[in-house]
Every structure is written in structure tokens, then in C-alpha cells.
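All remarks here apply to the structure that follows.
The values are calculated or read from the model by the stated rules, or taken from the named source; none is laboratory data. Remember, it's a predicted structure, so these values are computed and weren't measured experimentally. Using ideal geometry, Cβ is built from the backbone for each residue, glycine included, and neighbour counts are taken over all protein chains shown.
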């Protein structure tokens, strides 16, 4: 069954169709949740909560083609709710926890990047992670965060400029300390 058909069937009350659709995209949803909550248990909790909310509200979805950004927005909101409930501050995650990021050759480099990212405000960090960790385009990020595309581009641009400054200062500090 095609994804569109699964969404249409889910709108008619077919729970199995919804679950099948989510399972087809489970890695994509899991990675998105993991970027926010930073651990497997909370990521899976957010996915469960997302499925319940989607099933309860899918009949309200007017355009089947909007299902993916709509569901991702719901997932992001579930992740944010989990963080609020736990009164969690998003801290630097360990390299081992981030199985989906294999681009970094060195652990030190990864930790440096995470430390630098923590110096950005939440919205800049969120946009940069969605863009570069998950490869989402500006439009998708705008839909997920419910922000205009121009604002997303601005957050990424300003965040990257700040990251470059922070990384240069940290590099100079490391070299000077030697």
C-alpha cells in the first residue's frame, strides 16, 4: 500500500494503516526525536505520544500531502513537552549516544562542536541541528518549527557565524594553552 493510501485509511479510523505508515518512516521520526531529547527512552516516548495525538486528530487533517510536516511538528511538540516535564536542560550529549552522526572523524572535534552549539540560543541550535544533523531543507524546518522560512535562514546564518567565532576562539585558546 502506498503512503498516501495509508494516510487516507488512517483518516477513516484504521489504526493499523497509521502504524504501518509510522513504521515505514520510523528511522526518520526517531532521529528527529533524538535530536531534541537526546536519549532512546525519551525518543520512543515522544514517538508513542505522537502516534496517539495523530490518531486522535488525523480526521482534522485536510490535505493528505501535509501529513509528514504535520506529524513532524507534533513530534517536535511532544519532545518539547517531555523536556518540560522532566525540567531538563539540553546539555552536551556524549558522542556514543549519537549513533546517527557518523560524519565526525574525531571525538574531540564532535565534543568541540557540541560545546560551541551550546553557546547558541535554543532556536539557532534547533535550526542548525535540523539542517545539518538531519538534512532537512529550509521549508521543512519552517513547517516543523512553525516559523517563516526567512527566520529559519536567518537563525541558521547567524548561528553559523557565531559558531565560527566560538570555534576560532576555542582553537586559539587550546593552542595558547599548549
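Exactly one condition in (1) in contact with a helix residue (DSSP H, G or I) (Cβ under 7 Å, 6 or more places away or on another chain); (2) modelled with pLDDT of 90 or more; (3) within 17 Å of residue 78 (Cα to Cα) is not met by residue 17; state its number.
With (1) in contact with a helix residue (DSSP H, G or I) (Cβ under 7 Å, 6 or more places away or on another chain); (2) modelled with pLDDT of 90 or more; (3) within 17 Å of residue 78 (Cα to Cα) applied to residue 17, the lone miss is (3).
Among the residues of segment 10-28, write down those that are under 20 Å from the mean Cα position of the chain (by Cα) and outside any helix (DSSP H, G or I).
25
Buried (at least 19 other Cβ atoms within 10 Å of the Cβ) and either without any contact (Cβ under 8 Å) to a residue 12 or more places away in the chain or assigned by TED's automatic domain parsing to the domain that holds residue 22 (or both): does that describe residue 61?
Against the criterion (buried (at least 19 other Cβ atoms within 10 Å of the Cβ) and either without any contact (Cβ under 8 Å) to a residue 12 or more places away in the chain or assigned by TED's automatic domain parsing to the domain that holds residue 22 (or both)), residue 61 does not qualify.
Would you call residue 43 under 15 Å from residue 129 (Cβ atoms), under 14 Å from the mean Cα position of the chain (by Cα) and either assigned by TED's automatic domain parsing to the domain that holds residue 130 or modelled with pLDDT of 85 or more (or both)?
Spelling it out, residue 43 is indeed under 15 Å from residue 129 (Cβ atoms), under 14 Å from the mean Cα position of the chain (by Cα) and either assigned by TED's automatic domain parsing to the domain that holds residue 130 or modelled with pLDDT of 85 or more (or both).
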